[in-house]
Amino acid sequence: MSDKQYTDEYAVKVADNIDAKELAEQLGFEFKGQIGELEGYYLFKVNTENTKDENLYTKIESNLSKEKNIEWFERQYLKTFQKRNFC
């Protein structure tokens, strides 16, 4: 069991010479932009409006893995921090 709290965003590595915004829209994502200064890496947000599909993210990841212009992807999750006790 994973303790990760996943978001509705994916970090995606897009093949060279591909319009990432156009690709995101074709795949049904909201294009959020380039990730920092990482060339070819973008943030895609899942459009979860009007869906109650329990298998939504499984289907999304299956589609992303089949897309020839996507070289890598990872669903994003919230990073949690714990304070250290220095007593």
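To keep it simple, each residue is scored yes or no on (1) within 15 Å of the chain's Cα centre (by Cα); (2) on the phi > 0 side of the Ramachandran plot; (3) in a strand (DSSP E or B).
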| position | (1), (2), (3) |
| --- | --- |
| 12 | yes, no, yes |
| 22 | no, no, no |
| 33 | yes, yes, yes |
| 37 | no, no, no |
| 52 | no, no, no |
| 73 | yes, no, yes |
| 85 | no, no, no |
* Condition test on residue 49, is it modelled with pLDDT of 95 or more and not aromatic (Phe, Trp, Tyr)? -> no
* Does the stretch 31-46 contain any residue that is surrounded by 10 or more Cβ atoms within 10 Å (Cβ to Cβ), in contact with a Lys or Arg (Cβ under 6 Å, 6 or more places away or on another chain) and of a type in the set (Gly, Ala, Ser)? -> yes
* Asked: What pairs come up if the first residue lies in the stretch 26-52 and is over 20 Å from residue 77 (Cα atoms), the second is in a strand (DSSP E or B), and their beta carbons are under 6 Å apart, counting only those six or more places apart or on different chains?
  -> 40/13; 40/14
* To do: Please list, ordered by first then second residue, the pairs with beta carbon atoms under 6 Å, 6 or more apart or interchain, first in the stretch 59-87 and surrounded by 10 or more Cβ atoms within 10 Å (Cβ to Cβ), second of a type in the set (Lys, Arg) and assigned to a strand (DSSP E or B).
  => 71/13; 72/13
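The values are calculated or read from the model by the stated rules, or taken from the named source; none is laboratory data. Owing to the predicted nature of the structure, the values given are computational and were not obtained by experimental measurement. Cβ sites come from the backbone with ideal geometry, for glycine too, and all protein chains shown count toward neighbours.
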